[in-house]
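Below is one structure; the comments refer to it alone.
Since every read-out is calculated from the coordinates, none of them should be taken as a lab result. Not measured: the values here are computed from a predicted model. Positions of Cβ are generated from backbone atoms using ideal geometry, with glycine treated the same way; all protein chains shown enter the neighbour counts.
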Amino acid sequence: MSEQPSTPDTSSMSAAELSAEVLRARAELAATVDELSTRLSPKNLAADAATTARLAATDAGAFVTGAGLPAQPGSRARNAKIALGVAAGVVALVALAVVRRARR
């Protein structure tokens, strides 16, 4: 997003200058709202989540094959660890289900 500009001193401004300042502020606000609506659209959020999940799966696969966890950024290593934990949990649940069926 854009930086916070300093508020101009409106006490010495003419009506035309005030009008121009209002128009500039409106344009800046409209640009900020457009940027936020683009960033927070469900389509973009879903695409970001899918990309993050794909990267986590790739990084987890690389870890399992001996390449190690990614050095940077830290969120990729964290996501790979989460993916490995989820995979281990699924394996444990499947093993538990198999053992229970074998006992019947």
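Set the Förster distance to 22 Å, then compute FRET efficiency between Ala46 and Arg78 from the Cβ-Cβ distance, nearest 0.05.
Details: r = 21 Å, r/R0 = 0.94.
Calculated transfer efficiency: 0.60.
7 Å from Cα along Cα→Cβ at both Val64 and Ala30: what's the point-to-point distance in nm?
5.2
So what is log10(I(q)/I(0)) for the chain at q = 0.10, 0.12, 0.14 1/Å, when the Debye sum runs over its Cα atoms only?
-0.59, -0.69, -0.78
For Cα pairs less than 8 Å apart in space and 6+ apart in sequence, what is the mean separation divided by the residue count of the stretch 12-83, i.e. the relative contact order in percent?
Details: 31 pairs, mean separation 16.3, N = 72.
Relative CO of the stretch 12-83 lands at 23 percent.
Determine, for each peptide in 43-51, 59-67, the mean count of other beta carbons within 10 angstrom over its residues, then list the peptides with the highest first.
In descending order of packing, they fall as 59-67, 43-51.
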